[in-house]
Amino acid sequence: MSFSFHPEAEEEFVQATAYYENCEFGLGLDFAREVYSTIQNVVDYPLMWMKIEPEIHRCLVHRFPYGVLYSVEPKGIFILAVMNLHRDPDYWKHRLESE
């Protein structure tokens, strides 16, 4: 199964990686690895993770306060957000309309 990012989800992933890299050399790479490991878990077991909306699941990222929000589509996993869990939990919902 393949995966793709909503453009805003990809941008927040890039920004979060840069933020962690600015905090400490190599930490951005660690963050990116953890996110991609989480995405691989989602790809391997797409229905295993908690539903937070009728068609939206969330898989938590290890070591970092982030979750990957996604839907299971006929073409694969569609990542709606790489969400900082300290943000407003509904900030990403407008992305459902642009799917």
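Read the figures in this text as sums done on the coordinates, not as results from a lab. Predicted model, so just to flag it, every value in this text is computed and none were measured. Cβ coordinates were reconstructed from backbone atoms using ideal geometry, including for glycine residues, and neighbour counts include every protein chain displayed.
The table that follows gives values for the structure above.
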| read-out | value |
| --- | --- |
| Hey, residue 37 among the small types (Gly, Ala, Ser), under 12 Å from the mean Cα position of the chain (by Cα), surrounded by fewer than 18 Cβ atoms within 10 Å (Cβ to Cβ) and part of a strand (DSSP E or B) or not | no |
| Selection from the stretch 61-95 of residues that are of a type in the set (Phe, Trp, Tyr), touching a strand residue (DSSP E or B) at 6+ places or on another chain (Cβ under 8 Å) and under 18 Å from residue 28 (Cβ atoms) | 66 |
| Residue tally, condition closer than 17 Å to residue 81 by Cβ and hydroxyl-bearing (Ser, Thr, Tyr), over the stretch 38-64 | 1 |
| Residue, surrounded by the most Cβ atoms within 10 Å (Cβ to Cβ), within the stretch 43-83, restricted to residues that are aromatic (Phe, Trp, Tyr) and within 16 Å of residue 2 (Cβ to Cβ) | 70 |
